[in-house]
Amino acid sequence: TQLLEQSPQFLSIQEGENLTVYCNSSSVFSSLQWYRQEPGEGPVLLVTVVTGGEVKKLKRLTFQFGDARKDSSLHITAAQPGDTGLYLCAGASYNTNAGKSTFGDGTTLTVKP
Amino acid sequence: KAGVTQTPRYLIKTRGQQVTLSCSPISGHRSVSWYQQTPGQGLQFLFEYFSETQRNKGNFPGRFSGRQFSNSRSEMNVSTLELGDSALYLCASSLAGGNTGELFFGEGSRLTVL
């Protein structure tokens, strides 16, 4: 069974601070996605990382995929209240589990103005 | 381009009843996955359909079933509802049968079982 562990589970910070969320697994994934979910809505895809060691930047968000493709991190610079939400990482394994993604339990981020 | 549409958005049922949820994927997407989201368990994979065939199934009892139609629309059914079935049911579609891992979610159907 593939598992993804996210940390921290909850994070409350002030506007302008930086933060990092981690997503770790003992399994290798073909790709890893990060999603953001707001209350009452479905998760929205932020980014996909595929290559070990890959770094992707999306404005103030930086995503990194571990060299061994087992872990990932999300770094937010100068957080804003609009960044508040549930951040989910998800791993996909094309060969063994096509069509199925394994999700972490999520990190609930609150950014206070 | 229209997103994933789920209906109904909210519903209340009582124990023992059954429920059917509907999902219309993004046009051109042939893969539809269903997930159950609860505060305690997070997102749990129910099943995935591709070209009308169930390709993968999660660890849920047989009370949970689904199907996909030729136009890629999908339905899931839960029979003999239990209190623990109260959850947000999310449908997600993907373009190439899940080969990229990228999922595009609907807003979900919030089921409350009393």
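The values are calculated or read from the model by the stated rules, or taken from the named source; none is laboratory data. No experiment lies behind these values; they were computed from the predicted model shown. Cβ placement follows ideal geometry from the backbone for every residue including glycine, while neighbour counts extend to all protein chains displayed. With ligands, DNA and RNA removed, areas are computed over all heavy atoms of the protein, side chains included. Shrake-Rupley method; radii C 1.70, N 1.55, O 1.52, S 1.80 Å.
A few comments on the model shown:
- Residue list for region B:57-113, restricted to those being closer than 17 Å to A:Leu88 by Cβ and among the aliphatic types (A, V, I, L, M): B:Ala87, B:Leu88, B:Leu90, B:Ala92, B:Leu103
- Leading residue by the ranking (least open to solvent (accessible area, probe 1.4 Å)) among those in region B:33-46 that are more than 9 Å from every other protein chain (Cβ to nearest Cβ) and at pLDDT below 95: B:Thr38
- Pair list, Cβ under 7 Å, 6 or more apart: region A:20-40 residue touching a residue at least 12 places away in the same chain (Cβ under 8 Å), other residue assigned to a loop (DSSP other than H, G, I, E, B) and acidic (Asp, Glu): A:Gln33/B:Glu102
- Subset tally (residues that are open to solvent by less than 10 Å² (accessible area, probe 1.4 Å), away from chain A (no Cβ under 14 Å) and in a strand (DSSP E or B)) for region B:65-110: 2
- Test: residue in region A:70-83 that is under 30 Å from B:Ser51 (Cβ atoms) and either small (Gly, Ala, Ser) or buried (at least 16 other Cβ atoms within 10 Å of the Cβ) (or both): no
- Taking strands (runs of 3 or more DSSP E) as the structural unit, those lying wholly within chain A and holding at least 3 residues that are more than 14 Å from chain B (Cβ to nearest Cβ) correspond to A:10-14, A:19-24, A:55-58, A:61-65, A:71-76, A:107-112.
- From B:Tyr49, B:Tyr10, residue being within 11 Å of the chain's Cα centre (by Cα) and over 22 Å from A:Gly104 (Cβ atoms): B:Tyr49
- Taking the criterion of being more than 13 Å from B:Asn77 (Cβ to Cβ) and either within 11 Å of chain A (Cβ to nearest Cβ) or touching a residue at least 40 places away in the same chain (Cβ under 8 Å) (or both), the residues of region B:17-32 that qualify are B:Ser24, B:Pro25, B:Ile26, B:Gly28, B:His29, B:Arg30, B:Ser31, B:Val32.
- If you go through region B:13-46 and pick out every residue that is in a strand (DSSP E or B), among the hydroxyl-bearing types (Ser, Thr, Tyr) and more than 12 Å from the chain's Cα centre (by Cα), you end up with 1.
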